[in-house]
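Read the structure below first, then the notes.
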């Protein structure tokens with residue numbers, strides 16, 4: 001009788017352990033599926049914004065407004081609102097490089113493509129970081145991104161001008177003055193686009209409740 005009870009207890013213990021193991025495997029599978037979906041959304045949106053970051057500047061440069069309105073920065077700024085930090089930084093870094101290779105803008109020499117790659121990666125990452133902590137408020141992230149972008153651009157431009165024997169202060173001031181229309185465009189366009197995205201329901205932009213992280217996690 002005692003042996004029978006031990007057998008039953010052993011069976012129940014093994015069965016319980018087996019059920020726990022199945023539940024654990026099930027949770028891991030669901031977690032992997034969720035991770036795959038998150039990664040897929042980020043990849044799709046990153047690729048779409050990267051393509052816009054290349055195509056939109058071509059349209060602006062075709063009518064002579066590219067350097068004044070900074071369309072590449074405008075598009076990449078949106079990455080911080082719709083992508084997590086890592087993907088936002090990656091997209092910001094890769095767009096100037098790919099655009100340089102495909103269209104020659106920004107130029108390979110002087111290496112403005114390198115300046116913009118660093119500038120946009122840090123700016124987009126900063127917007128993503130701030131927005132993830134202030135959702136659904138747009139302005140803190142946008143103003144932080146614009147301020148950081150101008151600081152980075154000013155510092156890098158100053159040292160690059162000196163490196164090429166150009167008057168650093170004059171070159172930096174001219175570059176900042178030229179960027180003012182682009183800043184105004186960012187202040188007008190980015191909030192409108194982000195609010196439109198926040199109100200959208202779909203496979204890429206699902207908002208069942210106010211997100212605690214950027215729109216696409």
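Out of (1) without any contact (Cβ under 8 Å) to a residue 24 or more places away in the chain; (2) within 18 Å of residue 179 (Cα to Cα), the odd one out for residue 134 is which?
(2)
Out of the residues in segment 159-183 meeting the condition of being at pLDDT 85 or above and buried (at least 16 other Cβ atoms within 10 Å of the Cβ), tell me which one is nearest to residue 142 (Cα to Cα).
183
Quick one: which of 140, 136 is surrounded by fewer than 22 Cβ atoms within 10 Å (Cβ to Cβ) and assigned to a loop (DSSP other than H, G, I, E, B)?
Answer to the check: 136.
Can you name the residue in segment 165-204 that is part of a loop (DSSP other than H, G, I, E, B) and in contact with a helix residue (DSSP H, G or I) (Cβ under 9 Å, 6 or more places away or on another chain) and is also farthest from residue 120 (Cα to Cα) among such residues?
Here the residue is 203.
Are there helices (runs of 4 or more DSSP H) fully within segment 43-116 with at least 3 residues that are free of Cβ contacts under 8 Å to residues at least 60 places away in the same chain and surrounded by 15 or more Cβ atoms within 10 Å (Cβ to Cβ)? List them.
Of the helices (runs of 4 or more DSSP H) lying wholly inside segment 43-116, those with at least 3 residues that are free of Cβ contacts under 8 Å to residues at least 60 places away in the same chain and surrounded by 15 or more Cβ atoms within 10 Å (Cβ to Cβ) span 71-82, 85-103.
Mind listing whichever residues of segment 177-188 are under 12 Å from residue 146 (Cβ atoms) and touching a residue at least 12 places away in the same chain (Cβ under 8 Å)?
179, 182, 183, 185, 186, 187
Answer yes or no as to whether residue 147 is surrounded by fewer than 18 Cβ atoms within 10 Å (Cβ to Cβ) and either out of contact with any strand residue (DSSP E or B) (no Cβ under 8 Å at 6 or more places or on another chain) or part of a helix (DSSP H, G or I) (or both).
Considered against the rule, which asks whether it is surrounded by fewer than 18 Cβ atoms within 10 Å (Cβ to Cβ) and either out of contact with any strand residue (DSSP E or B) (no Cβ under 8 Å at 6 or more places or on another chain) or part of a helix (DSSP H, G or I) (or both), residue 147 comes out as yes.
The values are calculated or read from the model by the stated rules, or taken from the named source; none is laboratory data. Fair warning: this is a prediction, and the values are worked out from it, not measured in the lab. Please note: Cβ atoms are built from the backbone with ideal geometry, for glycine as well, and neighbour counts cover all protein chains shown.
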